[in-house]
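What follows is a set of notes on a single structure, which appears directly below.
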Amino acid sequence: DALFVNQAWSILHGHWLGTYSEFTLMKGPMYSILLAAAYRAGVPFFALLQVLYAIACVVLVLALRPLKLNRCVQFALFVVLLFNPVTYETHVHDRLLRQNLIPSLALLIVATLIGLYARRLDRLRRLAPWALVAGVTLPVFWLTREESVWIVPCAGLIWAATCFTAWRSGVADRWLRLGIFAVPIGMCMLGTSIVAWINLRHYGI
């Protein structure tokens with residue numbers, strides 16, 4: 001907990017993650033960055049985490065809209081997700097641990113990719129918001145924990161299915177659609193590269 005607090009304090013004072021030691025790059029920096037951002041915005045961090053998870057639940061329900069599920073089914077899905085017992089686990093959620101952020105981010109990634117898949121043949125302007133939200137969430141997730149690669153099989157399969165079926169559909173603007181589908185990957189690469197460059201500037205590694 002103290003590592004994240006100290007790094008957030010250092011970020012707020014313009015010193016990135018602080019003086020280099022064996023702890024500096026031990027964990028992904030995104031949790032500390034979000035902690036600093038919440039402090040600067042004057043938002044209670046634990047409340048922010050709960051709101052973020054609720055938003056992720058809403059986004060998943062919205063992502064499934066094209067499937068035309070019964071409204072009662074949609075509401076039931078939202079309630080089951082919102083009151084997921086994992087999100088009330090005291091040992092994790094009363095401390096500054098990255099585990100209390102991961103469910104929200106993982107759910108947002110899956111939800112936005114499902115949203116892209118469900119709308120893959122819709123008008124292009126309906127695809128862009130889903131691609132952008134996925135593009136923001138992916139690097140945040142990737143830079144929060146070191147074993148974030150576990151999301152790749154799930155997210156990768158949904159993304160590949162979206163690209164493949166859009167391509168096979170034969171729509172005239174399929175190259176443009178594939179470009180939009182590539183936005184999340186491009187933004188993830190950009191985000192991780194920016195953090196790597198900042199680390200290189202500050203620590204030479």
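The values are calculated or read from the model by the stated rules, or taken from the named source; none is laboratory data. Model, not experiment: these values are computed from the prediction. Here the Cβ positions follow ideal geometry from the backbone for every residue, glycine too, while neighbour counts run over all protein chains shown. We work out accessible area using only protein heavy atoms, side chains counted, and drop any ligands, DNA or RNA first. Shrake-Rupley method; radii C 1.70, N 1.55, O 1.52, S 1.80 Å.
Tabulated data
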{"item": "Subset of region 74-99 (residues that are open to solvent by 60 Å² or more (accessible area, probe 1.4 Å), more than 16 Å from Thr144 (Cβ to Cβ) and within 19 Å of the chain's Cα centre (by Cα))", "result": "Val86"}
{"item": "Index of the failed condition, Tyr53 passing every other in (1) surrounded by fewer than 18 Cβ atoms within 10 Å (Cβ to Cβ); (2) closer than 20 Å to Leu138 by Cβ; (3) of a type in the set (Ser, Thr, Tyr)", "result": "(1)"}
{"item": "So Arg168, is it closer than 16 Å to Gly115 by Cα and among the charged types (D, E, K, R)", "result": "no"}
{"item": "Val140 open to solvent by 40 Å² or more (accessible area, probe 1.4 Å), closer than 24 Å to Ala38 by Cβ and under 12 Å from the mean Cα position of the chain (by Cα)", "result": "no"}
{"item": "Residue in region 34-53 that is nearest to Asp1 (Cα to Cα), counting only those that are hydrophobic (A, V, I, L, M, F, W, C) and in contact with a helix residue (DSSP H, G or I) (Cβ under 6 Å, 6 or more places away or on another chain)", "result": "Leu35"}
{"item": "Any chance Leu35 is of a type outside the set (Gly, Ala, Ser), more than 15 Å from the chain's Cα centre (by Cα), over 26 Å from Arg174 (Cβ atoms) and open to solvent by less than 30 Å² (accessible area, probe 1.4 Å)", "result": "yes"}
{"item": "Gly156 open to solvent by less than 50 Å² (accessible area, probe 1.4 Å), over 26 Å from Pro103 (Cα atoms), free of Cβ contacts under 8 Å to residues at least 12 places away in the same chain and not hydroxyl-bearing (Ser, Thr, Tyr)", "result": "no"}
{"item": "Matching residues, region 16-42, being in contact (Cβ under 8 Å) with a residue 40 or more places away in the chain, part of a loop (DSSP other than H, G, I, E, B) and out of contact with any Gly (no Cβ under 8 Å at 6 or more places or on another chain)", "result": "Trp16, Leu17, Tyr20, Leu25, Lys27, Gly28, Pro29"}
{"item": "Counted residues, region 62-73 - those being surrounded by fewer than 12 Cβ atoms within 10 Å (Cβ to Cβ) and touching a residue at least 24 places away in the same chain (Cβ under 8 Å)", "result": "1"}
{"item": "Single residue of region 64-97 satisfying the filter (modelled with pLDDT of 90 or more and not in a helix (DSSP H, G or I)) that is nearest to Asp1 (Cα to Cα)", "result": "Phe83"}
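Here's the yes/no breakdown for (1) modelled with pLDDT of 95 or more; (2) under 25 Å from Asn199 (Cβ atoms); (3) among the acidic types (Asp, Glu); (4) open to solvent by less than 40 Å² (accessible area, probe 1.4 Å):
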site: Val110; (1), (2), (3), (4): yes, no, no, yes
site: Ala118; (1), (2), (3), (4): no, no, no, yes
site: Asp122; (1), (2), (3), (4): no, no, yes, no
site: Leu127; (1), (2), (3), (4): no, no, no, yes
site: Val133; (1), (2), (3), (4): yes, no, no, no
site: Val136; (1), (2), (3), (4): yes, yes, no, no
site: Glu146; (1), (2), (3), (4): no, yes, yes, no
